[in-house]
Amino acid sequence: MTPPRIRPWVSASPETTRAFLDQVAATRPVDAVTFEPPEVLRARQDTLFARQMGWLAEASPHYGKVFAAHGIDAGDLRSLEDLRRLPVTTKAELMADPPSFRLRFPEPSLYDMTYTTVFTTGTTSGRPTPYEYTGHDFFGVLESGGRMFSLLGTVPGDRFFNAFPLSPLPHVAGFTPLLTSAAGLHFLHGLTGTPYPEFPVHRPVAAVARLIEANRPDVVSGIGSFLRRLFVDAAADGRDLSTVKVILASGEVLTGRMRDHMRAHLTRCGAEDVFIAGSYGFTEGGMAWAPCVEGGPMHASAPDQVVLEALDPDTHQPRPDGEPGVIALTHLNRRGMPLLRYLLGDIGALSHEPCSHCGRRVESLLVSAGSANVSRTSELLKIKGTLVNPQVIHDVVMKADGVLEYQLVVTNRVEGDALSGDRLVLRVGLEPGTDPAAWDQEVLRQAVFNSTEVRPDVEVAADVDTIYDPLREVKARRIVDRRAPLT
């Protein structure tokens, strides 16, 4: 008789994790590289880094110019210690000229052909940026996907339901069918997203909940704000989601309060002891950082393909482990559009210590902003002369009783008058059954003030969909700045 599968997060320990990996090793790529001694992994990374620098010198129009402008001989870049000799790469540079980042080898192989082109979303300009993956790159992404699903404790044969929106442009979320196949999982897409009248293929939220109930998946994945709303509606409708064991929320920060809220409604749907995990990923990476336990550090799934740095925002020198900095990505094994010290627009803190829960020995993103592992640098706001990190407000609001959705609106005290001072409005949507008249907004106002030294005006929305409509928006728009410009 086949022994029952071990779910390592049920009783997390290095021994439990090793037993789990031994069970699934025959049917999926095992992330042995993430358990290697630090000196062995570092030697591997240094070798890959030196080779990547050679590829860039040979075939990258953009980095060829960068090396020349800074007097850098790529042959002298031999180890990760040499990263600090390089300038950072900004998103603005990539957006300005994406083709210049594409490697152009004199004699490309079949695996250097463009396998797929995906597009960024959520840029400040609103203009999607194309990013190309070669066959070489995509196969690396598939390997890292199998490792990431091992991190989450999924087993071959698990059923995976994808509630990410179906986008009008190719996006890295579209890799999910083959990523799950690499891990031996069965896949079903919920086809959520903004309706397109010409071809009405998208499904409403109620239909997605029915599909989950009917197909009885083990894993449900999607954007955190969408999943919260989905589970609220499913609980109200009495849906049976009892087979769900893992929730994988991506696309925005997942706080402890959000996990608690999801768990309460999943329990009402019969799903108990669910592992609710957030992950960290991005278009230019294609792979994810994920936790082995709830609320724990997010571990790298491909330390032999990419490395992260936490940098001082001014000097761009590495910050010590545990100290927050701006996160930069460097590719070690990419043939399409490799990036060096690429600023992702996030703040976070890294650790390279072995994980006490699973024993992995790779870089990990620590919890460093409330209960979150990263926060967005692009969203830092100066309000009433005070620099405010909206992630701190996010953490406070999501802990407040009765709040389902929220939005921060920054305006002038006198509408349109830039000299009248700032006003912060916190719009909230309450959970079904919460009486707005009885809900104490002063508690939330004080909690935000205690954390930010800015006291917001709280407005309760009559319809929560005016804050976030999961049928028409990919994810919640948390910050709206309506202040008049100073002239």
Check your understanding: What is the number of the single condition among (1) closer than 25 Å to L344 by Cα; (2) surrounded by fewer than 22 Cβ atoms within 10 Å (Cβ to Cβ); (3) modelled with pLDDT of 90 or more that G222 does not meet?
Key -> (2)
Practice item. May I ask you to list the residues in region 187-202 that are touching a Ser or Thr at 6+ places or on another chain (Cβ under 8 Å) and either modelled with pLDDT under 90 or over 18 Å from F160 (Cβ atoms) (or both)? Key: G193, H202
**Study point:** Single match in R319, R263 (criterion: surrounded by fewer than 20 Cβ atoms within 10 Å (Cβ to Cβ), among the charged types (D, E, K, R) and within 23 Å of R361 (Cβ to Cβ))
**Key:** R319
Point to revise | Unique match (being more than 20 Å from V118 (Cα to Cα) and not in a strand (DSSP E or B)) among G348, G295, G285, G336 | key: G295
Point to revise | Condition met for L408 (surrounded by 17 or more Cβ atoms within 10 Å (Cβ to Cβ), in contact with a Gly (Cβ under 7 Å, 6 or more places away or on another chain) and either modelled with pLDDT of 75 or more or among the basic types (K, R) (or both)) | key: no
**Study point:** Subset of region 411-424 (residues that are touching a Ser or Thr at 6+ places or on another chain (Cβ under 6 Å) and surrounded by fewer than 18 Cβ atoms within 10 Å (Cβ to Cβ))
**Key:** N412, R413, V414
Check your understanding: Of the numbered conditions (1) over 17 Å from H331 (Cα atoms); (2) modelled with pLDDT under 95; (3) over 25 Å from the mean Cα position of the chain (by Cα); (4) part of a helix (DSSP H, G or I), A92 satisfies every one except a single condition; which is it?
Key -> (3)
Check your understanding: Do we find that T154 is within 23 Å of P297 (Cα to Cα), in a loop (DSSP other than H, G, I, E, B) and among the polar types (S, T, N, Q) in this structure?
Key -> yes
**Study point:** Hey, R44 within 26 Å of L179 (Cβ to Cβ), of a type in the set (D, E, K, R) and in a helix (DSSP H, G or I) or not
**Key:** yes
Exercise for review: Please enumerate the residues belonging to region 289-338 that are touching a helix residue (DSSP H, G or I) at 6+ places or on another chain (Cβ under 7 Å), under 17 Å from T47 (Cα atoms) and hydrophobic (A, V, I, L, M, F, W, C).
Suggested key: A302, V307, L332
Study note, to complete from the structure: In region 442-472, residues that are assigned to a helix (DSSP H, G or I), surrounded by 12 or more Cβ atoms within 10 Å (Cβ to Cβ) and charged (D, E, K, R) total 2
Study note, to complete from the structure: The number of residues in region 203-222 that are touching a residue at least 60 places away in the same chain (Cβ under 8 Å) and either farther than 16 Å from P165 by Cβ or not in a strand (DSSP E or B) (or both) is 4
Point to revise | Candidates F187, F149, filtered to the one that is of a type in the set (A, V, I, L, M, F, W, C), out of contact with any Gly (no Cβ under 6 Å at 6 or more places or on another chain), under 28 Å from V10 (Cα atoms) and part of a strand (DSSP E or B) | key: F187
Check your understanding: Residues F105, F139: which one is surrounded by fewer than 19 Cβ atoms within 10 Å (Cβ to Cβ), modelled with pLDDT of 95 or more, hydrophobic (A, V, I, L, M, F, W, C) and over 28 Å from G184 (Cβ atoms)?
Key -> F105
Point to revise | Tally of residues being assigned to a helix (DSSP H, G or I), exposed (fewer than 13 other Cβ atoms within 10 Å of the Cβ) and either at positive phi or more than 28 Å from the chain's Cα centre (by Cα) (or both) across region 23-39 | key: 1
Exercise for review: Give me the pairs, please: first residue somewhere in region 318-346 and under 13 Å from E93 (Cα atoms), second residue anywhere and surrounded by 23 or more Cβ atoms within 10 Å (Cβ to Cβ) and β-branched (V, I, T), beta-carbon distance under 6 Å, and either six or more positions apart or on two chains.
Suggested key: L344/I327
Exercise for review: Report whether or not L86 is surrounded by 18 or more Cβ atoms within 10 Å (Cβ to Cβ), among the aliphatic types (A, V, I, L, M) and under 26 Å from T315 (Cβ atoms).
Suggested key: yes
Practice item. Working carefully through the options F160, F175, find the one that is out of contact with any Pro (no Cβ under 9 Å at 6 or more places or on another chain) and either in a strand (DSSP E or B) or modelled with pLDDT of 90 or more (or both). Key: F175
Practice item. Answer yes or no: is there a residue in region 100-108 that is over 18 Å from Q305 (Cα atoms), in a helix (DSSP H, G or I) and not aliphatic (A, V, I, L, M). Key: yes
Review point. Are there any pairs, at least 6 apart or on different chains, whose C-beta atoms fall under 8 Å, with the first in region 460-482 and under 16 Å from A206 (Cβ atoms) and the second at pLDDT below 85 and buried (at least 21 other Cβ atoms within 10 Å of the Cβ), and if so, which?
Key: P470/S225
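The values are calculated or read from the model by the stated rules, or taken from the named source; none is laboratory data. In this text, all values refer to a predicted model and were calculated from it rather than measured experimentally. Quick reminder, even Gly has a Cβ in these numbers, built from the backbone with ideal geometry, and neighbours come from all protein chains shown.
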